[in-house]
Structure formats: structure tokens, C-alpha cells
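Single-structure report; data block below.
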Amino acid sequence: MLIAGNWKMYKGPAETAEFCVELKRREADFEGIEVAVCPPFTSLAVAVQVLAGTDIAVAAQNVHWEDEGAFTGEVSAPMLRELGVYGAIVGHSERRQLFGETDEHVAKRARAALDAGLSVIACVGETEAEREAGETEDVLRRQVSVLEAEDNLVVAYEPVWAIGTGKTATPDMAQEAHAFIKSLVDVPVPVLYGGSVKAENAAELLSQPDVDGALVGGASLDVESFAAICLSATRS
Ligand code: PGA
């Protein structure tokens with residue numbers, strides 16, 4: 001069970017340090033699960049520093065496929081490794097929708113990150129229009145087919161209509177999508193659920209047999225609510 005907090009474009013280094021000090025203080029409560037935070041690039045170093053010596057992992061929100069080069073605004077896997085970062089999210093729907101990322105970009109980012117020794121949380125999920133048109137499985141098949149499953153790959157099922165909207169997939173909907181995603185890959189891959197996860201609905205979602213954790217956005221920004229979700233996970 002992995003609970004990862006995707007902070008998006010929130011928390012500079014000072015707020016990150018404060019959050020991580022408090023999270024570290026509570027680490028003993030998170031026995032038996034994995035916990036990760038994904039701060040913005042400029043806050044990664046301080047998160048790694050504060051959480052050093054704990055089992056709480058620090059991951060980036062994106063990663064480029066080349067090691068270096070003329071790619072203004074991008075950050076590479078070796079650069080993240082040098083900082084002591086453990087993994088990266090790739091293919092978040094905000095990257096796909098707002099920054100034009102394609103399945104091909106996502107595949108390249110995931111491949112390079114895995115090759116460099118980072119863990120990867122690869123996000124997939126259908127939009128509301130796609131779900132209504134009965135295309136959910138086609139979209140998931142297309143997005144998952146570009147990923148090469150291996151030990152350090154985690155998939156996050158994040159229905160786009162549930163992100164930041166307060167609408168969550170029902171536990172049954174999540175279970176169905178997770179089982180479908182797992183049926184698409186040859187080797188077992190953990191699948192996290194993401195989309196309006198909060199302390200109040202975490203236990204029910206996490207109790208589904210194919211829900212292996214959560215990727216939490218809004219509710220991961222407050223240490224109290226993030227810790228409450230982590231606690232639910234220890235009981236699932
Ligand atoms: P949310 O975001 O929990 O705020 O819906 C989830 C995500 O975008 O990863």
C-alpha cells in the first residue's frame with residue numbers, strides 16, 4: 001500500500017520543510033505502508049534533507065527523457081537522482097491536458113526514469129466525455145499499452161472528472177478500472193487510485209482488492225488530512 005501526496009504547484013521550500021518536519025514526527029504511525037510526497041522541483045531538496053533517515057520517500061512531479069540538453073524548463077532523471085529523489089510522477093492529466101503531453105512523451109519519460117533507477121508513478125484515466133461515450137476501457141488500454149511494466153513502475157488510475165472536483169469514483173468503479181488495468185499488463189503492477197481522495201473516503205476506496213494505494217492531490221497539502229489518509233491505509 002502506497003500513499004503519495006501530489007502537491008502540484010503548491011508549497012515552496014519553507015512550507016515544505018515545515019510539512020516534512022511534522023510528517024516525520026508522525027512516521028511511526030505509518031507502519032506497514034509506504035508514504036511519499038511529491039513537491040514542486042524547487043522544494044525537492046529540502047524535502048529530501050528533512051526526510052533523510054526516514055522511510056518517507058520524495059518524488060518529483062515530472063521528469064524528462066534525456067539526461068541533459070537544450071530542453072528549457074525540463075529536469076532530468078540523473079538530476080533528480082543526484083538530489084536523492086526516489087521517483088517521479090509521469091503523465092499526470094494536468095500535464096496531458098494543459099501542457100500537451102502525449103502517450104509517447106509519457107512512455108519516454110517513464111522509460112528514462114526507470115532506466116535511471118527512479119520509481120515511476122504513471123497516471124492514466126479517462127475524461128468525463130470519454131466515460132460517457134463508453135470509451136473508458138479504450139482510453140485505459142491506449143494509455144497503459146505504452147508503459148513497460150517492471151518492478152519500479154506503479155500506475156495511478158485518475159479519472160480526470162474526479163480530479164480536484166470533489167467527485168470520486170465509487171469504490172466499485174475504481175475496483176473495476178483497477179482490475180482492468182492489471183489485466184492489461186503481463187507482470188503484477190500496483191495501481192493507485194487518485195481523484196478527490198480525502199480522509200473521509202479513503203478507507204472505502206482502499207479496501208477494494210485491486211486498489212493498492214492512493215495518489216492524493218488537494219487533501220495531501222494539509223499534514224493533518226494527509227496523515228489521516230495514511231492512517232486509513234494502515235488499517236486497510
Ligand atoms: P485531487 O488530485 O486529490 O485534488 O483530486 C489528485 C491528483 O491530481 O493527483
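No lab work stands behind these numbers, since they all come straight from the coordinates. Note that the structure is a prediction, hence the values are computed from the model and not measured. Counting neighbours? That spans all protein chains shown, and the Cβs are built from the backbone with ideal geometry, glycine included.
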Qualifying positions in segment 20-72 - of a type outside the set (F, W, Y) and touching a His at 6+ places or on another chain (Cβ under 9 Å): Q61, N62
Number of positions in segment 124-138 that are in a helix (DSSP H, G or I) and among the hydroxyl-bearing types (S, T, Y): 1
Segment 142-153, residues that are in contact with a Leu (Cβ under 6 Å, 6 or more places away or on another chain) and surrounded by 18 or more Cβ atoms within 10 Å (Cβ to Cβ): V144
Selection from segment 26-67 of residues that are part of a helix (DSSP H, G or I) and of a type outside the set (V, I, T): E27, A28, D29, F30, F41, S43, L44, A45, A47, Q49, L51
Matching residues, segment 68-92, being surrounded by fewer than 21 Cβ atoms within 10 Å (Cβ to Cβ) and part of a loop (DSSP other than H, G, I, E, B): E68, G69, A70, F71, T72, G73, E74, V75, G84, Y86
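Conditions tested, residue by residue: (1) among the hydrophobic types (A, V, I, L, M, F, W, C); (2) in contact with a strand residue (DSSP E or B) (Cβ under 7 Å, 6 or more places away or on another chain).
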site: V120; (1), (2): yes, yes
site: E132; (1), (2): no, no
site: V155; (1), (2): yes, yes
site: V160; (1), (2): yes, no
site: V189; (1), (2): yes, yes
site: A199; (1), (2): yes, no
site: V223; (1), (2): yes, no
site: F226; (1), (2): yes, yes
Criterion violated by T165 - all others in (1) in contact with a Ser or Thr (Cβ under 7 Å, 6 or more places away or on another chain); (2) within 16 Å of A202 (Cβ to Cβ) satisfied: (2)
Residue count for segment 211-236, restricted to those that are within 16 Å of the ligand (Cβ to nearest atom) and under 20 Å from V189 (Cα atoms): 7
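The rows are residues; the columns are (1) in a loop (DSSP other than H, G, I, E, B); (2) surrounded by fewer than 17 Cβ atoms within 10 Å (Cβ to Cβ); (3) at positive phi; (4) basic (K, R).
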residue: E94; (1), (2), (3), (4): no, no, no, no
residue: A107; (1), (2), (3), (4): no, no, no, no
residue: G117; (1), (2), (3), (4): yes, yes, yes, no
residue: A122; (1), (2), (3), (4): no, no, no, no
residue: L140; (1), (2), (3), (4): no, no, no, no
residue: V155; (1), (2), (3), (4): no, no, no, no
residue: W161; (1), (2), (3), (4): no, no, no, no
residue: T165; (1), (2), (3), (4): yes, yes, no, no
residue: S183; (1), (2), (3), (4): no, yes, no, no
Restricting segment 172-210 to residues that are more than 19 Å from C230 (Cα to Cα) and small (G, A, S), the residue that is farthest from the ligand (Cβ to nearest atom): S183
Residues being assigned to a helix (DSSP H, G or I) and surrounded by fewer than 18 Cβ atoms within 10 Å (Cβ to Cβ) - total across segment 202-217: 2
Single unsatisfied condition, L98 versus (1) within 22 Å of Q61 (Cβ to Cβ); (2) within 16 Å of the ligand (Cβ to nearest atom); (3) in contact (Cβ under 8 Å) with a residue 24 or more places away in the chain: (3)
